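The block underneath contains the structure these notes are about, expressed in structure tokens.
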Amino acid sequence: MLTGFIGYQGKTLCFVTETTMTFEPKMVRSYYGIGHYNAREDADLIGRAARYTGFTVEVQLGAYGQVLRWPLAGTDTPIHSEVTDIPAPKTRCRTRWENGAWRKYLARQGWVCA
């Protein structure tokens, strides 16, 4: 199961995922089309948590278990991707990017998450 949120790209309603690269301090945001975006009807969906279950994208509405489902347009290829840099944390310690996260060096503990 893949988690993400609902967003839009142009006039397409999308399931959006964010992943970090393992060896570079970069984040990849991928947009998978799930339907036509209508600003009047879909505005309350933007930013809601969603999950991809293998065949459909699901969004839970309210506390009573109402779920909206969309088939993922039949493709595993995103319609749009953005790559952004993840800046190093502001610290006086030495830092490095390792396994998808920034780490800093502490004299007593060694390399820890920054």
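Just a few scattered comments:
- Taking the criterion of being in a loop (DSSP other than H, G, I, E, B) and loosely packed, with under 10 Cβ neighbours inside 10 Å, the residues of the range 60-76 that qualify are G62, A63, Y64, G65, G74, T75, D76.
- Being within 18 Å of the chain's Cα centre (by Cα), surrounded by 13 or more Cβ atoms within 10 Å (Cβ to Cβ) and among the β-branched types (V, I, T) is true of V57.
- G110 fulfils the conditions (1) over 30 Å from G10 (Cα atoms); (2) in contact (Cβ under 8 Å) with a residue 12 or more places away in the chain except for a single criterion, (2).
- The range 1-56, subset in a loop (DSSP other than H, G, I, E, B) and charged (D, E, K, R), residue farthest from V83 (Cα to Cα): D44
Conditions (1) of a type in the set (S, T, N, Q); (2) under 29 Å from N99 (Cα atoms); (3) surrounded by fewer than 17 Cβ atoms within 10 Å (Cβ to Cβ); (4) over 18 Å from the mean Cα position of the chain (by Cα), marked per residue:
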site: L2; (1), (2), (3), (4): no, yes, yes, no
site: K11; (1), (2), (3), (4): no, no, yes, yes
site: F15; (1), (2), (3), (4): no, yes, no, no
site: E18; (1), (2), (3), (4): no, yes, yes, no
site: A49; (1), (2), (3), (4): no, yes, yes, no
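- Restricting the range 86-114 to residues that are among the charged types (D, E, K, R) and touching a strand residue (DSSP E or B) at 6+ places or on another chain (Cβ under 6 Å) leaves a set whose member that is surrounded by the fewest Cβ atoms within 10 Å (Cβ to Cβ) is R94.
- Residues of the range 26-37 include at least one that is touching a residue at least 60 places away in the same chain (Cβ under 8 Å), surrounded by fewer than 16 Cβ atoms within 10 Å (Cβ to Cβ) and over 12 Å from the mean Cα position of the chain (by Cα).
- Verdict on T77 being out of contact with any helix residue (DSSP H, G or I) (no Cβ under 9 Å at 6 or more places or on another chain) and under 15 Å from G4 (Cα atoms): no
We did not get these values from a lab; they are worked out from the coordinates using the rules stated. Everything numeric in this text was worked out from a predicted model, so none of it was measured. Positions of Cβ are backbone-derived with ideal geometry, glycine not excepted, and every protein chain shown enters the neighbour counts.
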